[in-house]
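Bear in mind that the values in this text are calculations on the coordinates, not laboratory data. These figures come from a predicted structure and were not determined experimentally. Quick reminder, even Gly has a Cβ in these numbers, built from the backbone with ideal geometry, and neighbours come from all protein chains shown.
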Amino acid sequence: MPATENVTVLFTDLVGSTELSSSLSPGAADEVRRAHFATLRVVIAATSGTEVKNLGDGLMVGFDAAVSALNGAVTMHQAVERHNRQAAIWRADTIDELLRESR
């Protein structure tokens, strides 16, 4: 008889992805998704998770214990927040630079 194994499954979701995609060019929307998933995948690897499936605007991730999944979720949240802050600063700096160049 095969041994049973407990796993914890974590689902992520890129909130507002439909609205975001409709406001961007297809290439820009793909870049947002790629950057988001890259951020998550770094955390998944660091917290011993396993990506099970890409759901288009989210991921299904398996962990060997609930505490690992919780750690992964918190770390993902922090990483996405950090990425979003850095991206906002980059966008603001880029807009300021473009405005200066246009004067």
Those residues of region 32-85 which are among the acidic types (D, E) and over 12 Å from the mean Cα position of the chain (by Cα), in sequence order: E51, D64
Checked region 2-31 for anything without any contact (Cβ under 8 Å) to a residue 60 or more places away in the chain, within 27 Å of A65 (Cα to Cα) and under 12 Å from the mean Cα position of the chain (by Cα); matches are F11, D13, L14, V15
In region 1-58, the residues that are part of a loop (DSSP other than H, G, I, E, B) and either among the aromatic types (F, W, Y) or exposed (fewer than 12 other Cβ atoms within 10 Å of the Cβ) (or both): M1, P2, A3, T4, E5, N6, D13, V15, G16, S25, G56
